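This report concerns only the one structure given below.
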There are 2 protein chains.
Amino acid sequence: MKLTSKGRYAVTAMLDVALHQNVGPVCLADISERQRISLSYLEQLFSKLRKAKLVNSVRGPGGGYRLAIAAVDISIGAVIIAVNDSVIATQCKGEKPCTPSGRCLTHSLWNDFSKKMQDFLDSVSLGELMANSEVIAISKKQNMVQGLQNDILHTNQLG
Amino acid sequence: MKLTSKGRYAVTAMLDVALHQNVGPVCLADISERQRISLSYLEQLFSKLRKAKLVNSVRGPGGGYRLAIAAVDISIGAVIIAVNDSVIATQCKGEKPCTPSGRCLTHSLWNDFSKKMQDFLDSVSLGELMANSEVIAISKKQNMVQGLQNDILHTNQLG
DNA sequence: TATATACTTGACTAATTTACTCGGGTTTGA
DNA sequence: TCAAACCCGAGTAAATTAGTCAAGTATATA
Ligand code: FES
Ligand code: FES
């Protein structure tokens, strides 16, 4: 299976949208700043998330992204699949068996394993994550940091 | 997490040893032929498996590898960790948090996920795999193919 | 003891995948 | 009209994985 930074970034970014969309569309620049993910990279990820109909975009100034459906209806698994295509751990990936004489010894093992992983990822929703106390605490902290940075920026601009 | 060919090969090879060690040590050349894994690569893998005390080696002609402990006591997880170091899915890998301000929003999610995966992999032993009907069938087939190939080789040598 | 078998080791390279950048768009609110 | 934001695809750099190679050592057996 592949669970890489790409999938992790996507989940983090989606969670950030979920946590901030109550005050309007969330723009990538803000996510980039709060979550320390490159803006260009976010663009790439959200392009896929939008095609997967997990977010809607609002163009123009004041625009950004909103979740396309309720946070409790978006599973982590769906987010990862949107950016990663698949989570299957067999070598043959459901295509032709990986040895000419047929399935390899461990095909069914990896198949079971893939299912378990998928089940877990499908069982956790963005909504649940939002309600997690650690997530709430970290998010608050991030908002404070961002607020401070904006203040400093503002002061500098005035000065 | 990383579940790549390396780990899959290692499990397949260990299973091959488990299935054939009843007639003496299993040499890498045979595993290579049966499982279609490069001999040099197997050497690399078994070097790690030996260091992890999952197999014992017997040098010299007629030598090869044996499981160091009973097949039912060797978990798939142990095999994968032996060749892959870890299966942890967090970005920080238990070291310093991945953002300067502390844990990222999704740290605990990936942590839970890693645990689940590890639990699954630890819950399956080589012994159980050996008893799996599909594995038995595939193994029989592989033995037949190998037998045939050896016959052809032998005939050629005589002729 | 000669020889072939088979493990042992470490360095090296090729291939693949991942992560990320860049340079141009287009849309739209103020 | 301007600037904020999304949109898109090509291209590249970095990292990881997979696999090779060469030069060993140990040992059973003839
Ligand atoms: S993993 Fe499916 S045949 Fe090998
Ligand atoms: S994954 Fe552990 S802090 Fe981000």
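Mind checking which residues of segment A:49-64 are under 13 Å from the mean Cα position of the chain (by Cα) and within 7 Å of DNA strand D (Cβ to nearest atom)?
Within segment A:49-64, A:R50 is the sole residue that qualifies.
For segment B:90-115, enumerate the residues that are modelled with pLDDT of 70 or more, within 8 Å of ligand 2 (Cβ to nearest atom), open to solvent by less than 60 Å² (accessible area, probe 1.4 Å) and polar (S, T, N, Q).
Scanning segment B:90-115 gives B:T90, B:T106, B:N111.
Is it the case that B:S86 is within 12 Å of DNA strand D (Cβ to nearest atom) and either within 12 Å of chain A (Cβ to nearest Cβ) or open to solvent by less than 70 Å² (accessible area, probe 1.4 Å) (or both)?
When the stated conditions are applied, B:S86 passes them.
Restricting attention to segment A:1-58, which residues are open to solvent by less than 40 Å² (accessible area, probe 1.4 Å), within 13 Å of chain B (Cβ to nearest Cβ) and of a type in the set (V, I, T)?
Those that are open to solvent by less than 40 Å² (accessible area, probe 1.4 Å), within 13 Å of chain B (Cβ to nearest Cβ) and of a type in the set (V, I, T): A:V11, A:T12, A:V17, A:I31, A:I37.
In this structure, does A:A78 turn out to be more than 16 Å from ligand 2 (Cβ to nearest atom), part of a helix (DSSP H, G or I), surrounded by fewer than 18 Cβ atoms within 10 Å (Cβ to Cβ) and small (G, A, S)?
no
Return the only residue of A:V11, A:V26 being out of contact with any His (no Cβ under 8 Å at 6 or more places or on another chain) and at pLDDT 95 or above.
Testing whether each residue is out of contact with any His (no Cβ under 8 Å at 6 or more places or on another chain) and at pLDDT 95 or above leaves just A:V11.
Pull up segment B:108-131, narrow it to residues that are touching an Asp or Glu at 6+ places or on another chain (Cβ under 9 Å), more than 7 Å from chain A (Cβ to nearest Cβ) and in a helix (DSSP H, G or I), then point me to the one that is nearest to DNA strand C (Cβ to nearest atom).
Among them, the one singled out is B:L126.
The values are calculated or read from the model by the stated rules, or taken from the named source; none is laboratory data. None of the values given here were measured: they were computed from a predicted structure. In this analysis, Cβ positions are derived from the backbone assuming ideal geometry, glycine residues included, and neighbour counts consider all displayed protein chains. Ligands, DNA and RNA are stripped out before the accessible areas are found, and what is left, the full protein with its side chains, is counted by its heavy atoms. Shrake-Rupley method; radii C 1.70, N 1.55, O 1.52, S 1.80 Å.
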